[in-house]
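Have a look at the structure below before the remarks.
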Amino acid sequence: MVLAHDGKSSCRIVTPQKATPQEGYAAKELSSFLERISGATLPIVTDEGPLGDSDILVGAVRQLSDIAPDIGVGELGQETSVLHQVGNHLVIVGGEPRGTLYGVYALLEEHLGCRFFAVDETRVPSLDTVELKGLDETISPRLEYREPFYTEAFDGDFAARSRMNSNRALLEERHGGKIVYGSFVHTFYPLISPEEFFDDHPEYFSFSREKAERFQERGQLCLTNPDVLAITIERVRGWCLRNPDIRIVSVSQNDWHGACECDNCAAIDEAEESQMGTMLQFVNQVADAIRDDLPHVAVDTLAYQYTRKPPKTLIPRDNVIIRLCSIECCFSHTLDSDCGDNVAFADDIRGWSKICQRVYIWDYVTNFGHYVQPFPNFKVLASNIRFFADHGVKGIFEEGNYATGGGGELAPLRSYVLSKLLWDPDSDPEIATKEFVEQYYGTASNTVMEYLDLLHADVDDPDKHLHIFDRPDVLFLTDGFVAEALQLLEGALANITNEATAQRMEMVIAPLIYLKWARLDESDPLRGALLDRFEETARRGGVAFLSERTTLDAWLEKVRAGN
C-alpha cells in the first residue's frame with residue numbers, strides 16, 4: 001500500500017461521521033505528519049460515503065465491520081491499538097479513549113521512523129515513497145499507568161505522542177485524557193486536618209506510647225477510630241463526586257513517620273507483623289464502602305517506609321492499589337542484585353505481587369537535594385522497570401525533577417528514555433539514548449555519549465552506592481572524574497557553531513561546574529567565576545529550583561551572603 005509518492009497521494013483519511021475528539025485529533029495528527037514526511041496532503045473525510053480505492057480508516061468507521069469483521073472494537077482495551085492492512089486500505093483503530101490515537105503514533109514511530117524526543121525536538125524523516133506491506137498488529141502496553149515525573153514530560157502533546165497517561169501531564173480530551181488521581185499522595189491531613197479536628201477530637205490522631213498522649217505535629221491518623229473511617233469515606237466520596245474524571249483516589253499516610261500506637265492500632269500491627277496492618281485494614285474498609293456507588297474508582301495507598309512490608313494475613317481488595325516506594329534503595333545497583341540496600345525492597349515487591357492484583361511503584365530517578373548534580377543511574381533504569389513489570393506491577397511513577405522550570409541534570413534525555421521504557425519495558429535503552437543524543441546534541445553527540453560512559457564507569461563497584469540525597473562529595477563523582485569530564489565536554493563546546501546546540505551542551509556541563517564549585521575551598525578565587533557561570537547557564541536554561549525545596553534565587557542569595 002503506497003501512502004504517498006513524489007509528494008502526491010491518492011489516499012484519504014476516513015473518520016467516523018460522529019468522531020470522538022480523540023479520533024478527530026488522531027486523523028489530524030496523521031495527516032500533518034504524513035505531509036511533513038512525504039510532502040503529500042491526505043484529505044480527511046467522514047465515512048458517510050463509500051470507501052475509495054485506497055483509504056486509511058482512523059477510528060470506528062462505518063465500513064470497518066465490512067472490511068475487517070474480526071476486529072471487535074468494543075472488546076479492545078482503553079489503550080489497545082490495531083494496525084491492520086486490508087488490500088489498499090489501512091485500519092487504525094483502538095479502544096476508547098486513547099487506543100486509536102496511540103495507533104497513529106505507533107505507525108509514525110515504529111513504521112515510518114518518526115521520533116518524539118522532546119517538546120523542542122522531533123525527528124520526521126523525509127521520504128520519497130511512503131509504503132506499507134502486510135501490516136497486521138495489535139499493540140497493548142504492559143503497564144496501565146505510566147508517569148515520567150519530569151517537568152520536561154508534562155507537555156500534553158509530548159506526553160500523548162510518547163503514549164504516557166501521566167496524572168501530572170497537561171493532557172486534554174483530544175489526547176484521550178489521562179489517569180486522574182483524586183488528591184495525589186500523602187492525604188491523611190487533607191482528609192482530616194488537625195486544624196479542623198484536633199482540639200475537639202484528639203482521639204482522631206496518633207497516640208504516642210512514649211509520651212502517653214495524642215499528637216498532631218508530624219503525626220498520622222488513628223486508623224482504628226470508627227469516626228475517622230466514617231469521615232474519610234464521606235470525604236473520598238465528595239472528592240469523586242466533585243470530579244467525575246477521578247479514577248484513583250489516594251488514602252495515604254503523611255510524608256513522615258508517627259504512626260498511631262494506641263492499643264487497638266498496636267494490636268493489629270503486632271498481629272500482622274507490619275504497620276501496614278492498620279493501614280490496609282483501613283483502606284480496605286474505604287474501598288468496600290465506595291465499591292457500589294463508585295465502581296470505576298480504585299483506592300490507592302502507599303507502602304512507604306514504615307508501611308512497606310506486606311502484612312502477614314491481610315489481602316488488599318481488588319479495588320485497592322498498593323503503591324510501593326523505593327526511597328531507601330541504592331540506584332547504582334539493580335534491584336535484582338545482591339546490593340544490601342536493595343534486597344529487602346525486592347523481597348517486598350515479591351511479597352506484594354503474591355497478594356495484590358494492582359501493585360504500583362513510586363520510583364526515584366534524580367538527586368532531590370541537588371537537582372543539577374550528576375546522577376549515574378542510567379544502567380539500572382531498564383533492569384529495574386523490567387523487574388517491576390515481571391513481578392506483576394501495573395503502574396510506575398518515576399519521580400524526577402518536577403519543579404517549575406525543570407532543567408535538572410540531563411532531564412530531556414531522562415524524560416525520553418523513561419517514556420520509552422514505561423511504554424515497553426523490553427525496549428532497548430541504549431538505542432533510545434543513542435538516537436536521542438544524536439538528534440539533540442548534533443555535532444557534539446559522540447562527545448556526549450563518551451561523557452555518559454565516563455559518568456557510569458564506576459557504577460558496578462559493589463562498594464559505591466547512589467542515593468537520592470547524596471551530597472556533592474559522593475564517592476562516584478571524584479575530582480578526577482570532574483576534571484576529565486569538563487575537559488571532554490568543553491572541548492566539544494568550543495567547536496559548536498549552532499547556538500541552540502551550544503546552549504544544550506552548556507546544560508550538560510552545568511552539573512560539573514556545580515560540582516567543581518561545591519568542592520573548592522571557600523577562599524579559592526575560582527569560586528566566584530564558577531558560580532557566575534553556573535547561574536548564567538541555569539537562568540538561560542529556565543532552572544528555577546536547585547533542589548526539591550530550594551529555589552535557585554534563594555540558594556544564590558544564601559551562597560553569596562556566605563551562609
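Only the coordinates and a few stated rules stand behind these numbers; no lab work does. Note that this is a predicted model, so its numbers are computed, not measured. A quick note on method: Cβ atoms are made from the backbone with ideal geometry, for glycine too, and the neighbour counts reach across all protein chains shown.
Of note:
- Hey, Val236 touching a residue at least 60 places away in the same chain (Cβ under 8 Å), under 28 Å from Thr313 (Cβ atoms) and not in a loop (DSSP other than H, G, I, E, B) or not: yes
For (1) surrounded by fewer than 23 Cβ atoms within 10 Å (Cβ to Cβ); (2) without any contact (Cβ under 8 Å) to a residue 24 or more places away in the chain; (3) under 25 Å from Tyr451 (Cα atoms), each residue gets a yes or a no:
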| site | (1), (2), (3) |
| --- | --- |
| His370 | no, no, yes |
| Val380 | no, no, yes |
| Phe387 | yes, no, no |
| Val393 | no, no, no |
| Thr404 | yes, no, no |
| Glu409 | no, no, yes |
| Tyr416 | no, no, yes |
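- Of all residues in the range 429-439, those satisfying the criterion of being surrounded by fewer than 22 Cβ atoms within 10 Å (Cβ to Cβ) and touching a residue at least 40 places away in the same chain (Cβ under 8 Å) are Pro429, Thr433, Glu435, Gln439.
- Residue match in the range 185-193 (condition: under 23 Å from Lys420 (Cα atoms) and either assigned to a helix (DSSP H, G or I) or among the charged types (D, E, K, R) (or both)): no
- Residues in the range 454-467 include at least one that is in a helix (DSSP H, G or I), surrounded by fewer than 24 Cβ atoms within 10 Å (Cβ to Cβ) and over 24 Å from the mean Cα position of the chain (by Cα).
- Scan the range 530-563 for residues that are without any contact (Cβ under 8 Å) to a residue 24 or more places away in the chain and in contact with a strand residue (DSSP E or B) (Cβ under 6 Å, 6 or more places away or on another chain) and the total you get is 1.
- Among (1) closer than 20 Å to Ser31 by Cβ; (2) touching a Phe, Trp or Tyr at 6+ places or on another chain (Cβ under 8 Å) - the single one Ile92 does not satisfy: (2)
- Residue match in the range 253-272 (condition: surrounded by fewer than 20 Cβ atoms within 10 Å (Cβ to Cβ), of a type in the set (Phe, Trp, Tyr) and in contact with a His (Cβ under 7 Å, 6 or more places away or on another chain)): no
- Of the residues making up the range 480-499, those that are in a helix (DSSP H, G or I) and either at positive phi or surrounded by 12 or more Cβ atoms within 10 Å (Cβ to Cβ) (or both) are Phe481, Val482, Ala483, Glu484, Ala485, Leu486, Leu488, Leu489, Glu490, Ala492, Leu493.
- Annotation: of all residues in the range 345-393 being of a type in the set (S, T, N, Q) and not in a loop (DSSP other than H, G, I, E, B), the one that is farthest from Gly541 (Cα to Cα) is Ser353.
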